[in-house]
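In what follows, a single structure is set out as structure tokens and then discussed.
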Amino acid sequence: MLKSKIKIGISLRITEASNYTEKRDSLSHDWAQFLEDIDIVPILIPNTISNINEFLENLDLDGLILSGGDNIGDDQKRDQTENKIINFGLSNKLPIFGVCRGMQMLNVFFNGTIDESSNPNHVRNTHSLEINNQKFSDFLNNTIEVNSFHNNVINKSDLGKDLVPFAMSSIDQTVEGFVHKNYPIVGVMWHPERLKNSQSKEILRKVFYEKGFWD
């Protein structure tokens with residue numbers, strides 16, 4: 001039987017539920033439907049696995065997603081887990097897609113920094129992006145509309161080593177999307193799983209399905 005769907009490992013945020021003492025790994029319901037629409041089987045990666053490498057090796061994954069939610073430093077366990085996920089992806093040449101916090105994790109991993117936005121029009125508002133990279137403008141409109149659920153930004157001067165922007169905010173010219181020069185890595189600052197539009201889906205299709213995209 002031919003393999004019709006790909007398996008993508010996805011990181012989880014750590015949450016606390018009222019009236020319960022234990023922490024929980026969680027993922028927005030948006031992700032399952034979004035990934036199902038593009039024939040991706042999500043494989044959840046817990047934050048408490050003692051040996052992440054061994055766990056991931058046994059899954060036969062086709063790629064990795066670093067999900068959004070919360071800030072770097074809010075929970076050390078999640079930070080450690082996602083750094084191990086990134087290292088595993090690099091060692092095994094797997095495509096990695098970072099969303100919001102996930103993009104920020106990738107930037108910090110490659111020695112970049114995160115800033116805080118002081119622009120009230122940037123946070124919790126739909127805003128436009130300018131696509132300025134040929135690899136992406138071949139299949140995206142020159143200007144696209146995205147959501148925003150964060151107060152963190154990445155300035156072009158604060159990008160990590162070998163990260164190249166492909167999308168810039170029309171509001172403040174902060175980096176909303178980047179790609180790595182040498183690895184199959186893409187980060188976006190918006191939440192594609194909450195948009196569910198054709199362009200957001202197309203980015204993930206390119207990243208995970210089209211090996212030629214990385215040539």
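The table for this structure:
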item: Subset of segment 175-214 [closer than 14 Å to I8 by Cβ and either of a type outside the set (A, V, I, L, M) or touching an Asp or Glu at 6+ places or on another chain (Cβ under 7 Å) (or both)]; result: P184, P192, E193, K201, R205, K206, F208, Y209
item: Close pairs from segment 8-23: first more than 16 Å from G102 (Cβ to Cβ), partner of a type in the set (K, R), Cβ under 9 Å, at least 6 apart; result: T15/K23; T15/R24; E16/K23; E16/R24; A17/K23; A17/R24; K23/K77
item: Residues within segment 163-190 that are surrounded by 14 or more Cβ atoms within 10 Å (Cβ to Cβ), closer than 19 Å to V108 by Cα and not aliphatic (A, V, I, L, M), tallied; result: 11
item: Tally of residues being over 15 Å from I203 (Cα atoms), of a type in the set (F, W, Y) and either buried (at least 19 other Cβ atoms within 10 Å of the Cβ) or at pLDDT 90 or above (or both) across segment 125-157; result: 0
item: Leading residue by the ranking (farthest from R205 (Cα to Cα)) among those in segment 64-77 that are out of contact with any Ser or Thr (no Cβ under 6 Å at 6 or more places or on another chain) and surrounded by 22 or more Cβ atoms within 10 Å (Cβ to Cβ); result: G68
item: Any hit, segment 164-186, residues being β-branched (V, I, T) and without any contact (Cβ under 8 Å) to a residue 24 or more places away in the chain; result: yes
item: Per-region count, segment 75-96, residues acidic (D, E) and in contact (Cβ under 8 Å) with a residue 60 or more places away in the chain; result: 2
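Conditions tested, residue by residue: (1) over 18 Å from K84 (Cβ atoms); (2) among the hydrophobic types (A, V, I, L, M, F, W, C); (3) not in a loop (DSSP other than H, G, I, E, B).
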site: T21; (1), (2), (3): yes, no, no
site: E36; (1), (2), (3): yes, no, yes
site: I49; (1), (2), (3): no, yes, no
site: E54; (1), (2), (3): no, no, yes
site: L64; (1), (2), (3): no, yes, yes
site: I72; (1), (2), (3): no, yes, no
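The values are calculated or read from the model by the stated rules, or taken from the named source; none is laboratory data. In this text the structure is predicted, and so the values were computed from the model without any measurement. Cβ atoms come from the backbone with ideal geometry, glycine included; neighbour counts cover every protein chain shown.
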